[in-house]
Amino acid sequence: MRKNTYIGIVVGVSSFQAYLSYLLHSDQIQVVALQWVISVFYMPLYTVLLILSGGIESISGWNIGPTGMGYLQNEIWFLGAIILIPVNYILSKWCYRLISRKSS
């Protein structure tokens, strides 16, 4: 697979994961089984975004941090997609090496 295609797939998957995390965060997903599947990447992403948004708000004064009760502003979820790109890239490379090592 060409590198540009591979990076495009990683960006698409990262954006989709961030969007699903946003939907779960705003209580728009009602199916419990789907909530469990999404929570695998939602909880670590939410924790990182909570720390980053608090840091951004304390340093710059830009009100992007939690509004209360741990609810994040909508704008911070765009940052979540950017954070997930290198994470998904590294994980996919690691899984590819693991699979190719087992098949040889």
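The values are calculated or read from the model by the stated rules, or taken from the named source; none is laboratory data. The structure presented is a predicted model; accordingly, all values stated were derived computationally and were not measured. Because the Cβ atoms are built from the backbone with ideal geometry, glycine has one as well, and the counts that use them run over all protein chains shown. For the accessible areas, the whole protein counts, side chains as well, though only heavy atoms, and no ligand, DNA or RNA atoms are used. Shrake-Rupley method; radii C 1.70, N 1.55, O 1.52, S 1.80 Å.
Rundown of residues vs (1) among the aliphatic types (A, V, I, L, M); (2) over 15 Å from ASN88 (Cβ atoms); (3) in contact (Cβ under 8 Å) with a residue 60 or more places away in the chain, yes/no style:
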| position | (1), (2), (3) |
| --- | --- |
| ILE9 | yes, no, no |
| SER15 | no, no, yes |
| LEU23 | yes, yes, no |
| ASP27 | no, yes, no |
| VAL31 | yes, yes, no |
| LEU34 | yes, yes, no |
| SER39 | no, yes, no |
| TYR46 | no, yes, no |
| LEU52 | yes, yes, no |
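Out of the stretch 32-74, which residues are modelled with pLDDT under 75 and among the polar types (S, T, N, Q)?
ASN63, THR67
Yes/no matrix, rows are residues, columns are (1) closer than 11 Å to LEU72 by Cβ; (2) open to solvent by 70 Å² or more (accessible area, probe 1.4 Å); (3) outside any helix (DSSP H, G or I); (4) out of contact with any Leu (no Cβ under 6 Å at 6 or more places or on another chain):
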site: TYR6; (1), (2), (3), (4): no, no, no, yes
site: VAL10; (1), (2), (3), (4): no, no, no, yes
site: TYR19; (1), (2), (3), (4): no, yes, no, yes
site: ILE29; (1), (2), (3), (4): no, no, yes, no
site: PHE41; (1), (2), (3), (4): no, no, no, yes
site: ILE56; (1), (2), (3), (4): no, no, no, yes
site: ILE59; (1), (2), (3), (4): no, yes, no, yes
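So which residues in the stretch 71-93 are of a type in the set (A, V, I, L, M) and open to solvent by 50 Å² or more (accessible area, probe 1.4 Å)? Break it down stepwise before answering.
Quick first cut of the stretch 71-93, residues of a type in the set (A, V, I, L, M) only: 72, 76, 79, 81-85, 87, 90-91.
Residues satisfying the conditions are LEU79, ILE82, ILE85, VAL87, ILE90, LEU91.
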